[in-house]
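Undergrad: Structure incoming, see below.
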Amino acid sequence: MANKTLRRGVAVALSTAMVAVTASCSLFGDGGAGARPTLEKTNLRVGILPLVDVAPLYMAKEDGKFAAAGLNIDAIPQDNEKQAMESLRNGTIDIAFASHVTFFKAASEGTDLQLQGEAYQAGTNTMALVTLKNSNFTALNRGVSKPTIGVDALDSIGALTTKSVMNAAGAPNFTLKPMDFSKMEAELTSKQIEAAWMVEPHITRIQKAIGAVVLSDTARGGTLDFPMSGYAAIRKSAEESPKTFAAFRKVLAEAQLLGTNHLKVQEVLVKYAELDNLTAALVAVGTYPVSINPVRLQRVADMMESTRMLNTRLDVLQLLPPSSPVN
């Protein structure tokens, strides 16, 4: 009798355990622990610029990490960040790569964005003011009384960080002239500008081409380790396909870890930034954050407000994607 009671108890316990396991599995989908969610769409068009910032995205695409998550990433080149934002607004791309300054400026002007990840954080000489080797502009606060400095746009990270280092050096008298990176070399050599704000790989390319020199690293003082760039989507689009965008964010976080291999970063630059091997090997590489840090990004927004690039304070928390995974 005792044995029958024991066997009955074991059977009940096993049945209960099986129900619990079944119920647990149902919470995470029918395919078990290794299954991936069914995505609302499998193709994502990502607008990119040929900068060192996006190297991990290219590496992950080449390594099949996005494909393994069920995503096909179509990397679509953009001429500049302005075009990237226009493409995002008109729906010709799903995700834009740009500086946080560009995203925050757009958000403050009414574009409803959802951040999808950080791309890049400044390191030594990854963004800098460059000038000609024989220029009279030998230091930020001497050589030229009111220098003209080329920047990518007047409301850009270039303008923000240039103002920061010039003011910190006690040289508040300068003029910013907007232009594409591709025009900065000609503007320097024709002496239309005394210096240009550039990022990699443009810095290394112009050093090699015309012997330009770094006048000042713009990732110093108040802009040391500055958060430079990221990825964002239109909030409505992201909310209509939550599993797709969650999958993108997950793979991107894994991809960012690939950026710790600087040799691999320099290698992939040859392919998408059209650099030769020697130039790519000289490119300075910063940091690739693996997650969105709102405290770090709020630093950018607050600096934009203090320099009147934003009229009011922007709360970066309002731009974050859902923190919980989508099942």
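Values in this text are rule-based calculations from the coordinates and carry no lab data. What you see is a predicted model; the values in this text were computed from it and never measured. FYI the Cβ positions are ideal-geometry reconstructions off the backbone, even for glycines, and counts take in every protein chain you see.
Undergrad: Filter the DSSP H helices in the chain by two things, a Kyte-Doolittle mean of at least 0.5 and an axial alpha-carbon span of 30 angstrom or more, and list the hits by number.
TA: TM-like helix candidates: 2-27.
Undergrad: Once amide H atoms are built 1.01 Å from N in the peptide plane, which residues 5 or more positions from Phe226, or in another chain, come under 5 Å H to H?
TA: Ala122
Undergrad: Between Thr42 and Val295, what is 0.36 nm times their sequence separation minus the Cα-Cα distance? Round to one decimal in nm.
TA: Using 0.36 nm per residue and subtracting the Cα-Cα distance, I get 87.9 nm.
Undergrad: Quick one: work out the % antiparallel among DSSP beta bridges in the chain, nearest 5.
TA: Rounded to the nearest five, the antiparallel share is 60 percent.
Undergrad: Here is a further query. Counting only C-alpha contacts under 8 Å and six or more residues apart, can you give the relative contact order of segment 127-223 as a whole percent?
TA: 49 percent
Undergrad: So, one more: When a footprinting reagent is the concern and you count Cβ atoms within 10 Å, what order do Val213, Val268 take, fewest first?
TA: Working: Val213 14, Val268 21.
Ascending Cβ contact count within 10 Å gives the list Val213, Val268.
Undergrad: Follow-up. Take Lys177 and Thr138, extend 7 Å from each Cα along the Cα→Cβ direction, and tell me the distance between the two endpoints in nm.
TA: 2.3 nm
Undergrad: Sort out for me the Cα centre separation of segment 60-89 from segment 122-194, rounded to whole Å.
TA: Using only Cα atoms, the two centres lie 30 Å from each other.
Undergrad: Which residues make up the longest stretch of the chain that has no trypsin sites (Lys or Arg not before Pro) in a DSSP loop with at most 15 other Cβ atoms within 10 Å?
TA: That gives 192-307 as the longest site-free run.
Undergrad: Now for a separate question. Give a quick list of GluC sites (Glu not before Pro) in segment 254-327 that DSSP marks as loop, anything other than H, G, I, E or B, with at most 13 other Cβ atoms within 10 Å.
TA: Glu274
Undergrad: Could you run the Karplus curve 6.51 cos²θ - 1.76 cosθ + 1.60 with θ = phi - 60° over segment 39-44 and give me ³J(HN,Hα) per residue in whole Hz, x for Gly and Pro?
TA: Computed from phi, the couplings for segment 39-44 are 7, 5, 8, 10, 10, 10 Hz.
Undergrad: While we're here: Just rank Glu239, Glu194, fewest to most, by other beta-carbon atoms within 10 angstrom.
TA: So the residues, fewest neighbours to most, are Glu239, Glu194.
Undergrad: Across segment 285-293, in residue order, what do the Karplus-derived ³J(HN,Hα) couplings come to in whole Hz, using 6.51 cos²θ - 1.76 cosθ + 1.60 with θ = phi - 60° and x for Gly and Pro?
TA: Computed from phi, the couplings for segment 285-293 are 10, x, 10, 10, x, 8, 8, 7, 10 Hz.
Undergrad: Percent antiparallel among DSSP beta bridges with both residues in segment 127-223, to the nearest 5? Kindly include the intermediate steps, with their values, before the conclusion.
TA: On the way: 9 of 15 bridges.
Antiparallel: roughly 60 percent of the beta bridges in segment 127-223.
Undergrad: Could you give me D for segment 127-223, from Stokes-Einstein at 10 °C and 1.306 mPa s, where the hydrodynamic radius is the Kirkwood radius over C-alpha pairs? Units µm² s⁻¹, please.
TA: Working: Rh = 12.9 Å.
Translational D for this selection: 123 µm²/s.
Undergrad: Work the Kirkwood hydrodynamic radius out for the chain: mean of 1/r over every pair of different alpha-carbon atoms, inverted, in Å.
TA: Values: mean 1/r = 0.0462 Å⁻¹.
One over the average 1/r among Cα pairs gives 21.6 Å for the chain.
Undergrad: A follow-up question, please. Using modelled amide H (1.01 Å from N, peptide plane; none on Pro or chain starts), what sits under 5 Å from the amide H of Ala219, excluding residues fewer than 5 places away?
TA: Asn125, Met127
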